[in-house]
Amino acid sequence: MSLPIVAIIGRPNVGKSTIVNRLARTQAAIVYDEPGMTRDRTYSLAYWRDHEFLVVDTGGLVFNDDTEFLPLIREQAALALAEASVAIFIGDGQEGPTVADIEIAQWLRQQPVPVLLAVNKCESPEQGLAQASHFWELGLGEPFPISGIHGNGTGELLDELIAYLPPVTDTPETEEIKVAIVGRPNVGKSSLLNAFIGEQRAIVSPISGTTRDAIDTVIERQGQTYRLIDTAGIRKKKNVEYGPEFLGINRAFKAIRRADVVLLVIDALDGVTEQDQKLVGRIVEEGRACVLVINKWDAVEKDSYTIYEYEKQLKERLHFVDWAETIFVSALTGQRVEKILELVNMAAEAHKRRVTTAVINEVLQEAISWHSPPTSRQGRQGKIYYGTQVSSQPPAIALFVNDAKRFNDNYRRYIERQFRQHLGFTGTPLRLFWRSKKVRELESSSANRATRV
């Protein structure tokens, strides 16, 4: 059973995102002193008493103006209302009712969704009631004076709100796979999200920087739940000034950190850029599983060699993630989009996999028998005593050796390839820790273990 939805509606700059953050007790929505910050509808989990629900932040509504994103923002707000159990209309207590508020109130009265009226920026307990009283003229019922910044009045609002929510039922929690969709601007991240869910969940525009918030959407396929996180396009740091884009990119980096699997979307027409390489480096640094999604494949002129040439370019420019699976898709036509989730499943499973010490050492013995550790000029050979997995997400294996300096990069890569080949760590980073250990210490610990047995 899905959670009930509460839609937050209002004109620009009345503090809708601040209210969302207050109700969800997070800083999920970007708050910045600039009209039009929120464009897509973004979902945050909230609760009050014994009720859990999703709060949907929407863009500022402006009627009788069809410039730039405003028609798309109105469409997103209408979609939010269509799925909501109740809406909260936010007014600005410091400005009082405006012509725009009246237009929105008239529109809301035509909707089948119950509406609560909250008047924000009523920080003063003495003046709050007087400020809110001016909003009776909107004809939406009793106005609740609240402060998104300080939290004044939100308890009374929520007490009224939960009366419109469906009864509480016990529902089993399902384990979800968190999937962040990242990439440069205009590579098709929002189009990919919309292709997954079959509706205009995120605004798609050729204008760079359309997506600002990290947008969470939950979908289910064959009993598996996925949380898809659409993010702002990430440009080079030197080209980004502090403001909405800077905040959106920070949210994108946080989305990478909280994801299980990252879909790095690459524009097939542009090929692999320097910025794509930096993003891959960030994904590896955060230890996230990864799938390379080559989008706009339908727009590429192809012959029988095109895909092989493209794969060769990928291997050359992204050689440090040769463990990541690659898929060629078209978010516009939906070509192979659903197959992405099959690769996500494989990467997520490998990312959290744990392997017993016995199996790890079997692989090590096999690897050493085929390729002995290197020997120094002084005739001193490296020795691997044993290995054990120390953590997962990403998998990390500690290798105890006589002297870590005796194992060069080539041999370390060889051991990693053997682990991947035999243990199936496809789609995830694999961290190997080479630990020097004196022979006498090993013999002593082995003797102690034998004594305990």
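Read-outs throughout are calculated quantities, based only on the coordinates presented, and are distinct from any laboratory measurement. Nothing here was measured: the structure is a model prediction, and the numbers come from that model. So basically every Cβ, Gly included, is an ideal-geometry build from the backbone, and we count neighbours across all protein chains shown.
Compute the FRET efficiency between TYR308 and GLU83 as 1/(1 + (r/R0)^6), taking r as their Cβ-Cβ distance and R0 = 35 Å, and round to the nearest 0.05.
That gives a FRET efficiency of 0.20.
For the range 400-422, list residues with backbone N below 17 Å from a point placed 7 Å from the Cα of GLN378 toward its Cβ?
It comes to 402-408, nothing else.
Expressed as a whole number of Å, what is the distance separating the alpha-carbon centroids of the range 294-352 and the range 254-271?
So the two Cα centres are separated by 12 Å.
Can you pull the percent of Cα pairs in the range 303-436 with separation above 24 Å?
42 percent
Ranked highest first by average number of other Cβ atoms within 10 Å, how do 153-159, 422-428 line up?
Highest-to-lowest ranking by the protection proxy: 422-428, 153-159.
Under 1.5 on a/c is rounded, so check that first for the range 5-164, then, if it is not, pick prolate when a/b is larger than b/c and oblate when it is not; a ≥ b ≥ c are the square roots of the alpha carbon gyration tensor eigenvalues.
Taking the square roots of the gyration eigenvalues as a ≥ b ≥ c, the range 5-164 is rounded.
Can you flag which of LYS278/LYS302; LYS189/LYS339; LYS189/LYS296 are past 18 Å Cα-Cα?
LYS278/LYS302
For the range 82-131 and the range 360-437, write down the distance between their C-alpha centroids in whole Å.
63 Å
How far apart, in nm, are the 7 Å Cα→Cβ label points at SER124 and VAL359?
Spacing of the two 7 Å Cα→Cβ label points: 6.8 nm.
Compare the peptides 395-405, 126-136, 79-89 by average per-residue count of other Cβ atoms within 10 angstrom and give them in order, highest first.
79-89, 395-405, 126-136
Taking a label point 7 Å from the Cα of LEU432 along the Cα→Cβ vector, which residues of the range 376-412 have an amide N closer than 13 Å to it?
From the range 376-412, the list is 383-388, 396-401, 404-412.
Per the Cauchy relation, a quarter of the hull surface: what is the mean projected area of the convex hull of the alpha carbons in the range 300-359, in nm²?
Over every viewing direction, the Cα hull of the range 300-359 projects on average to 6.1 nm².
Compare the peptides 42-52, 366-376, 258-268 by average per-residue count of other Cβ atoms within 10 angstrom and give them in order, highest first.
258-268, 42-52, 366-376
When the convex hull of the Cα atoms of the range 267-310 is projected onto a plane and the area is averaged over all directions, what value comes out in nm²?
3.5 nm²
Which whole-number percent gives the relative contact order of the range 5-164, counting Cα pairs below 8 Å spaced six or more residues apart?
Value for the range 5-164: 24 percent.
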